[in-house]
Amino acid sequence: MPIGYSATLLPQLAEENGTMHADQELGSWIASVHSLATPIGSLMSGPLLDGIGRRGALQFSAIPLSVGWFIIGFATNIPCLLVGRVVLGFGVGLMAAPAQVFLGEMADPKLRGLLTGCTLTFYCLGIVIIYALGASFTWDIVAFCGIIIPTTALIALLLIPESPAWLVRRKKPDKARKALLWLRGNNEKQVEAELEILESRAKLDATRMANTSLFEKKSSVISTLLDPSVFKPLTIINIFNFLQLLSGTFIMVFYAVNLVTNIGGDNINSYLAAVITAIIRLVFSILASFLLLRISRRYLGIFSAVGSALASFAVAIYISIKEDFIDIYIVGILLLLYVATNTVGLMALPGLMVAELLPQRARGIGGGFNYFVVNSFIFIVTKIFPMVNDAVGVIGVFIIFGISSLVEGLFIYIVLPETKNRTLQEIEDYFQQDNLFWITRSRKNRKYDIVNKA
């Protein structure tokens, strides 16, 4: 909800007769300052994940999320709005990595794609809610409504156990076993097998730390991030995220109303159009969760990238041909096609990648670092987008989206490993190999692929 809030807030602040007014430059700060604060929360989420647990970190993140909405709701000037956006951004940064890591560690390998994909579904549901509220109420009423979600989540988290993987690393095997029994429906055999794997991995990591020099321990953060099994997946995830941003994924979230207005002008209800795009995004995020059970991550990602590129180019070509005689229904269909194809893969995969690609010992610090980088990217992109839009126009913007999507598809084909039906241990072992490109992987991994398809 905080991320999509600027799409409904900025048009209301642009009105001359409103209680507060913000021009384009100030509006770009209101939109982007959220992402300026998010990296700070992301960096703090790493130590929190390892210190107070995955569930504890999520509960802690609910506090700034509630406070941020409260500040915005009572804001009487632009500085107060900016402070509220900063606090919300900080809370989102705290929440992002713990949510993905928590689900990734608790989920059964066969259901990991579905359950981790559910985070995107609820993310998209939040955007639908915030757009719908923004179309019906003033921005301050919307802010007060936003308090409900984090406070409810804070209470609901009390009803579920902590991550078994974290409990084992904290030398609490009894609590880990109890948590696994709750998660696996009292399947004793499966629980014992998983517990044995978790304990062996924890012992291996403990031995590795015991053999680490004092200097290395002091610089453990850097050494962990530079470990090949951590550095390689982090590099893949961050390049993927950067290309995803250039493909327009978050631009359509932050500037949905303004972007639709630029295309359709006064001939279209921009708020209604934004709500429809959010609903389509929600529907296809749900579809993505189920497709991840059936289709390989790589195939889904490539399909999404190519589909986004074709839809983006179609929007640009149609607008350039029709100019002032744009049929809002045709351009609307093309926009929805872009949102649908972009959501089903390019938007769905990053969260799953954090949960699957990073090794257990580095999910806290690695996840926090990843979200620090990606939200720094988001801040830059959302801040400069109005200037880019003025410079190249809507046509140029969608051409950029299309080219970036094609590059993303090529990147997925060459580099992204297939993780469907693989255990987290098998994925970690893959990154211990010398190769970086999936298409040059070892024969052993290729044989495994054949067994999986059989």
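Just so you know, all these numbers are worked out from the coordinates, no wet-lab data involved. On a predicted model such as this, the values are computed, not experimentally measured, just so you know. For neighbour counting, all protein chains shown are included, and Cβ atoms are generated from backbone atoms with ideal geometry for every residue, glycine included.
List, in order, the whole-Hz ³J(HN,Hα) value for each residue of the stretch 165-171 obtained from phi through the Karplus relation with A = 6.51, B = -1.76, C = 1.60 and θ = phi - 60°; use x for Gly and Pro.
Per residue, the Karplus-derived 3J(HN,Hα) values read 4, 5, 5, 5, 5, 8, 6 Hz.
Just in the stretch 1-37: which GluC sites (Glu not before Pro) are loop by DSSP and have at most 14 other Cβ atoms within 10 Å?
Working: sites: 15, 16, 25; in loops: 15, 16.
Those that pass, being in a loop and sparsely packed, are 15, 16.
In 10 Å bins starting at zero, report the fraction of Cα pairs in the chain per bin as a rounded %.
Histogram of Cα-Cα distances, whole percents per bin: 4, 20, 31, 25, 13, 5, 1, 0.
Scan around residue 419 for amide H atoms under 5 Å from its own, H built in the peptide plane at 1.01 Å from N, and keep only partners 5 or more places away or cross-chain.
Sorted by chain and number, the residues that satisfy this are 297, 298.
Name the shape class, rounded, prolate or oblate, that the alpha-carbon gyration tensor gives for the stretch 228-453, where a ≥ b ≥ c are the square roots of its eigenvalues, rounded holds for a/c under 1.5, and otherwise prolate holds if a/b is larger than b/c and oblate otherwise.
Values: a/c = 2.33, a/b = 1.96, b/c = 1.19.
Prolate, because a/c is 1.5 or more and a/b exceeds b/c.
Please arrange 44, 106 by counting, for each residue, the other beta carbons lying within 10 Å of its beta carbon, fewest first. Mind dumping the intermediate values first?
Values: 44 19, 106 25.
Ranking 44, 106 by Cβ neighbours within 10 Å, fewest first, gives 44, 106.
Grab the Cα-Cα distance for residue 160 and residue 436, subtract it from 0.36 nm times how many residues apart they are, and report the gain in nm with one decimal.
Working: separation 276, 0.36 × 276 = 99.36 nm, distance 3.75 nm.
So the chain would gain 95.6 nm between residue 160 and residue 436.
Which residues make up the longest stretch of the chain clear of chymotrypsin sites (Phe, Trp or Tyr not before Pro) that lie in a DSSP loop with no more than 13 other Cβ atoms within 10 Å, not counting the sites? Could you put the intermediate results ahead of the total?
Numbers: sites that count: 74, 325, 437.
Excluding the exposed sites themselves, the longest stretch runs over 75-324.
Within the set 203/420; 110/189; 172/203; 178/203, which residue pairs have Cα atoms separated by over 22 Å? All intermediate terms of the calculation are to be shown ahead of the outcome.
Values: 203/420 27 Å; 110/189 17 Å; 172/203 13 Å; 178/203 20 Å.
203/420, as the Cα separations exceed 22 Å there.
Please report the relative contact order for the chain, taking Cα pairs under 8 Å with a sequence separation of at least 6, and give it as a percent rounded to a whole number. All intermediate terms of the calculation are to be shown ahead of the outcome.
Numbers: 688 pairs, mean separation 113.6, N = 454.
RCO, the chain: 25 percent.
At 24 angstrom or more along the helix axis (alpha-carbon based) and mean Kyte-Doolittle of -1.0 or higher, what helices does the chain contain? Whole DSSP H runs only.
Working: long enough: 24-51 (42 Å, 0.49); 54-73 (29 Å, 0.84); 78-106 (42 Å, 1.56); 112-136 (37 Å, 1.46); 188-210 (32 Å, -0.59); 228-246 (27 Å, 1.17); 270-294 (36 Å, 1.94); 297-322 (37 Å, 1.12); 363-414 (41 Å, 1.46).
Within the chain the helices that satisfy the rule are 24-51, 54-73, 78-106, 112-136, 188-210, 228-246, 270-294, 297-322, 363-414.
Classify the stretch 252-383 as rounded, prolate or oblate from the Cα gyration tensor: take a ≥ b ≥ c as the square roots of its eigenvalues, call it rounded if a/c is under 1.5, otherwise prolate when a/b beats b/c and oblate if not. Could you put the intermediate results ahead of the total?
Details: a/c = 2.50, a/b = 1.79, b/c = 1.39.
Note, shape of the stretch 252-383 comes out prolate.
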